[in-house]
Structures are given as structure tokens and as C-alpha cells.
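Everything below concerns the one structure shown next.
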Amino acid sequence: MEVASRNTARLEQELGELLERERFDPPEEFAANALVRDESLHEEAARDPEAWWAKLARELEWFTEPAQVLDASNPPFFKWFADGKLNASVNCIDRHIEAGLGGRVAYHWRGEEGEERDVTYADLHRDVQRLANVLKDRGVGPGDVVGIYLPMIPEVAVAMLACARIGAPHNVVFGGFSPEAVKERMQFSEAKALITADAARRKGKTAPVKPAVDGFLGEVPSIETVIVVRNTGADVEMKEGRDLFYDEAIEAADPECPPEELDAEHPLYILYSSGSTAKPKGILHTTGGYLTGVAWTTKYVFDLKPESDVFWCSADVGWVTGHSYIVYGPLMNGVTSVMYEGAPDYPDKDIWWELCARYGVTVFYTAPTAIRACIKWGAEYPARHDLSKLRLLGTVGEPINPKAWLWYWKVIGGGRCPIVDTWWQTETGHIMITTLPGAQFAKPGSGGRPLPGIEAAVLDENGNEVTGRQGLLALRRPWPGMLRTLYRDDERYVETYFSKFGKETYFVGDAARVDDDGYFWVIGRVDDVINVSGHRLSTAEVESAVVSHPKVAECAVIGQADEDTGQSICAFVTLEGDLEGSDELVEEIREHVAQRIGKLARPKRIVWSDDLPKTRSGKIMRRLLRDIAEGRELGDVTTLRDPDVVKRLDELVKERAREGED
Ligand code: WTA
């Protein structure tokens, strides 16, 4: 015990001293073997960005090589490599089989209970073709949307690639979302088939999935086929003519499925993400451009050498990070990855590090919120395992505080591994701002610089560039991996991203600052999007879930700064009539939100409020609620209809805080 606390004190001191250090140069040994060691790629791309992207596109495998590069004739509806033809699954699998690499492990999969499965590229080749044929037999063809609602099992990658093989855009929904949220996403996209599981496992428990899906299928008539992976072997009801077991279906299927030759602009997938309104946005990515950007960034940002590296992106496949850096990016590069089904603290808090040691992980990519959880658990957990194979670390999803950065660098990386802090979004498709780890120094807390071919800037409200102070992050040049539109909602696409600064400049929705070295410091969202543990949620989405509770009259949701999760959800709730708030009601509302959206959207804090601060036009002043929740001096209250509301609320919250301290 004493030794442990002495170690902790020493670590604290070392990290404290490191806080003074502003920049971290690439370690010599790392730089000596890095794919990129200087600024030449940035320079090359700056000279002729289109030629740069065209060169990268040629590294993909095409049926017809594109002659066109960027078509900007109808902004903001940009097209890339539009006359080329290709197939994503060929780029992820067939090309490696042809190169004789079928025996290489694509995924070291580890189940929650310690089961292990090595899935090779040849395994993927076999199962993807069979599943593609199952879908085809069920009448799924190019352009038909297929929903995927699966846990972190290898079948999720097979399912995505099978869709890609036949040109059916997939619509993956994160397993943590509730069936209600899945239903909505299936309805919006009019999915024709759904691939799901009997049940999911989480921390030693199982939760039924198929029965939950059955609960809404009647309301999604477009779904004609449901394919069920037997994950836990739980008993499930199967509807004759509609439902198939995955294992039986692929066993019976024709083993060969020639890939569809698809236009570069053929939709590869839809992924729903939260925006400023309650209705999630169906972000649409197409094939050629997306793959170009994802393949390149996977290789060069993570400095990957497929023969020797083992890559682990700890995200869930249900988020864009999983799409790009568990499935498409690593597979296109023929890399071996780790895929883990479970939670980072199950069976114990050292499981990640155990797996890093076991599979010889060399490059590890995770979220700041996970790092903060590890810090809380203590350095003794990683200390139990040999992490000496690690040579590069990455983060994504939210700004990382320098203290967490330094802990990651020191405790996980042993002071030997550079860290790439990668900024990007579901919309951008791939990493946009970061440091190339063998060429550029890192500054804890800053993402770094725009990658070659990317032009980022910080602008004021009028679109003028600002330096040294905070402004709005914007991307001033189209890039191949960008979203093409919001599914069936071109208008919202233009309005959300291309109305603020015109049709050529993409409005990101983040606040940022650029320093004298040209390094970007992303501060956070400027819209009503909350970032909880790196997961995007919209205030409106959570509000509408809370308000749908029969006892709730009105609600305003804000993101509140949170030590562990970056931001957490705080809901100000006005109850119906004379109802009084209680602890039971807090739990009821939280559970209600879990049912409507998913556990990740449950408010951490609920503040009962008789009235909400509103402007004279009835708009809720979220800025003031944030001030109240975080205990700051109240900002300008002059535009309020009833300034007393906010004062009463402020006093109430302060009183509660005092009670809590007693
Ligand atoms: C935030 C995740 C700071 C940002 C890939 C962005 C970040 C939103 C970083 C996108 C980072 C992501 N530093 N902030 N390195 N990475 N963000 O769509 O606010 O889930 O707009 O994509 O996360 O979240 P999304």
C-alpha cells in the first residue's frame, strides 16, 4: 500500500514537471523508422491539392481508374473521381488475397469471457461473399439500405463488407442505442434488411436484442429480411419467411459473389449522428473519395507497417471512428487489428493492457474519456503488463486536457511513444487535423496541423480569418472523404454546413484557435451538440426524450463540464401541474431517456425548476443555464422575459450544492 502511494506521488510530481514542457519532438528512434520524416508531403499537397488527392486515389484498386478528380460544378454538392469504378470490399479483402496474404490475421478478436478468434483475410473473403449472396437472394441490391445492429463481434465487419460488395449502403447503429433509436434510423433510411444478434453481452450479463428488435419491426414495413447472428445462443423467435440465422444462411449460400463494379460516387454508407435538432442527421459517405482519405490517413497518421504492426482502435464499430479505423482503414492497408467485445473494466480494469501485451499491440488509438477513466483507476493496472511493444498512441473524439495527455504519454507510452491527437468528425470521414508523428512535434492539448490537402482556418462571424484568438473552425477546400449530403435531406445539408460561410467553405460547428506555429486548439462545439465521453448527442434530442415523459411539462438540456466524461448532461425540468420532484422521479426520467435513446443519453443531473429562463420570443437561454449549472457569475440577463426566474434557479442550485457539501 505504502509503495503504491509513494509511486503515485512520484508520478504526480513527474507529470507536474512535464506540464511545463510545451512541445514533444518525435523520439529519435521513432522518427528514424517513420514513413514520413519531414514536411515534403505537406509541401507537395500545397502546390497542387487536386493532384495530391489524385495520386492517393490511384493507390486504390479500381475497375476503371478515374480521369476526373474534383467536380465542383454544383457546390456544395462536390464529386470526386466520378468517372472511376471500384468496390470497397475488393480494396479491403480481395487485393490482399491476390497478393498471397489470405493467411494474415485481420482481427484478433477477444470476447468478454476470454474467448479468442483469429479472423484472417481469407476468412473475411469467404464469409463476406456468402453473406453478400444471402442478401442478394433476398432481393437486396445496389442502393438498398441495410441496417446493422450488432455488438463488437467480427460479424459486424463481415456485414459491412458484404453490403459494400453488392453496393447496398449500410446503416450501422451503435449497439448502445435503444431499439427505439434503431427503429427511427431504420424508418428514416427505409432499410430493406436488418442484420442483428440474438443477444448482447456486457460485463458478464446478457441483454436480449432480437426480442427488442421484434418489438418495432411491425412499424418498419420496409424491412423484409432479418438476419440474426447467434451470439449468446439465447432462445429467440424467428418469423418464417423473414428471419434467418446468420450461420445457417451463410452455410447454405453460394460461396462466390463477384463484386459489383460501382461508381466512385456510389453511396457506401449512412451513419446517423446528432445535430442541432431532435432529428438525427443521416450522414452519407460515398465510395472512392472516402476510401482514398481513410486509406491514406490510416497508413500515415498511424505510421503503419502492415508486416509488423498490430493496430488497436478501441472505439465501437457503431461510431464513425470504428467505420474508418476498425473496418475500412486497417483492412485496406492489410493490417492486423485487435477487436474487443467488452468494456475496459471487465473482467478487470487491466483488460486493455492485458490484450495489448497478449497481441503485441504496437499502435493504440482511444478516446480522452477512456484515458481519464484509466487515470482514476490508477497506474497499477497498466503496470501489470508488458507494454513495451507500443510505439505510437492516438486520441480522438474530444479535446484532451494536457494532464491526461501526459499521463498517457508517460504511463502507457513509457515516454517512448509519440501521441497523435486526431481531430475529425463523422462528416469529414477521416482524420483532418493532427501531427504526422515522425515529422512534427506534438503539443499536449492541441491537435496539430491540417493534414496535407486539407485547408482549415479559424474565422470570425463574418468569415474573416483570425489568429491567436478563438473563432469558428472552417474547412476551406473540399476533400475527397467529406460527406456528400444528409440522406434525403439536401436542404438540411446546405443549411447546416454551407450557409454560414457560403457554398465553398464547410462550417464545422467547433470553436478553435490557431497559435503561432499554426497548431489548432479545438475548444468544443458552438452548436447545441453535447460531447459525452466522445459521443455526440444533441440537446434537442435529449430534451424531446425527457419531455415525452408524461409527468414532464418542459425541459432544457445543457452540456456541463465534467471531469470524467468531458461533458455531462444536465436537464432542467419543469413538472406538470403541482407535481413535486423526487429521487424516484429522477430515476424514472433517466430510465425513460435510456429507453428512448440509450443509456448514454441519460442526464447525469436533473434540476427541478418551476420555470425556465426564456427570451421574450420564448427561446430558452441555454447560456444562462450553463452559468447556473457550473456556478459561474450570471451573464447578461437583460433579454429575459422574467429575470427573476434565473435568479431563483441560481439560488436553488447554490443551496443544493451547499447541502451536498454538508
Ligand atoms: C469533437 C468523432 C477536439 C469535435 C471522430 C468534433 C474533437 C466532434 C477531437 C465530432 C479532437 C473530435 N480534439 N475535439 N481530437 N475529435 N472532436 O462526429 O467537437 O462523433 O466536431 O466524430 O468531436 O464527433 P464525431
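The values are calculated or read from the model by the stated rules, or taken from the named source; none is laboratory data. Predicted model only: the values in this text are computed from it and were never measured. Positions of Cβ are backbone-derived with ideal geometry, glycine not excepted, and every protein chain shown enters the neighbour counts. Note: accessible area is taken over every heavy atom of the protein model, side chains too, but ligands, DNA and RNA are not part of it. Shrake-Rupley method; radii C 1.70, N 1.55, O 1.52, S 1.80 Å.
Numbers for the structure displayed
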read-out	value
Rounded if a/c under 1.5, otherwise prolate or oblate - the range 36-97, Cα gyration tensor axes	oblate
Estimated dipole of the range 420-564 in Debye, rounded to 20 [Cβ of Lys and Arg +1, of Asp and Glu -1, Cα centre]	380
nm² value of the averaged projected area, convex hull over the Cα atoms of the range 506-662	11.7
Carbon/sulfur fraction of accessible area - the chain, other protein chains in place, 1.4 Å, %	46
Gain in span if fully extended, ALA343 to GLU591, counting 0.36 nm per residue against the direct Cα distance	87.2 nm
Distance in nm between pseudo-label sites at VAL466 and ASP386 (7 Å out along the Cβ direction from Cα)	5.2
Accessible area per residue, Å², the range 192-245 with all protein chains present, probe 1.4 Å	49
Distance cut-off 47 Å, percentage of C-alpha pairs in the chain lying past it	14
Difference of contour (0.36 nm per residue) and Cα-Cα distance, GLU237 to ARG6	77.5 nm
Distance (nanometres) between label positions extended 7 Å along Cα→Cβ at SER308 and LYS203	4.0
Where the range 428-558 is the region considered: accessible area per residue in Å², 1.4 Å probe	33
Computed [θ] at 222 nm, helices only, for the chain once each DSSP H run of length n ≥ 4 contributes -39500 (n - 2.57)	-9000 deg cm²/dmol
DSSP H segments from the chain that extend 18 Å or more along their own axis, Cα-based, with Kyte-Doolittle mean of -0.5 or above	154-166, 288-301
Equivalent ellipsoid semi-axes, the range 1-155, via Cα gyration tensor eigenvalues times 5, rooted, Å	40, 31, 18
About the Cα centre, charge dipole magnitude for the chain (Lys/Arg +1, Asp/Glu -1 at Cβ), debye	500
Residues in the range 447-475 reached by a label modelled at ASP515 [backbone nitrogen below 13 Å; 7 Å Cα→Cβ]	447-449, 468-469
Distance-filtered residues of the range 323-358 - backbone nitrogen under 17 Å, label point 7 angstrom along LYS376 Cα→Cβ	343-346, 348-352
Label zone at ASP247 (point 7 Å along Cα-to-Cβ), backbone N below 15 Å, the range 186-219	197-199
Accessible area of TYR346 in the full protein assembly, 1.4 Å probe (Å², nearest 10)	50
Hits among lysines - C-alpha to C-alpha of LYS500 under 23 Å, sequence gap 8 or more where chains match	LYS79, LYS279, LYS281, LYS619
Residues with amide H under 5 Å from that of TRP608, placed H, sequence gap 5 or more	VAL573
Net dipole in debye of the range 480-610 [+1 Lys, Arg Cβ; -1 Asp, Glu Cβ; about Cα centre; nearest 20]	560
Relative contact order computed over the range 281-409 (Cα-Cα under 8 Å; 6+ residues apart), in percent	24
Cut-off under 5 Å, modelled amide H: who pairs with HIS266 long-range	THR287, GLY288
Distance in nm between pseudo-label sites at SER548 and LEU19 (7 Å out along the Cβ direction from Cα)	4.4
Length added when fully stretched, ARG488-GLU43, from 0.36 nm per residue minus Cα-Cα	156.4 nm
Built amide H within the under 5 Å cut-off of TRP80, gap 5+	ASP71
Percentage relative contact order, the chain, counting C-alpha pairs under 8 Å, at least six apart	13
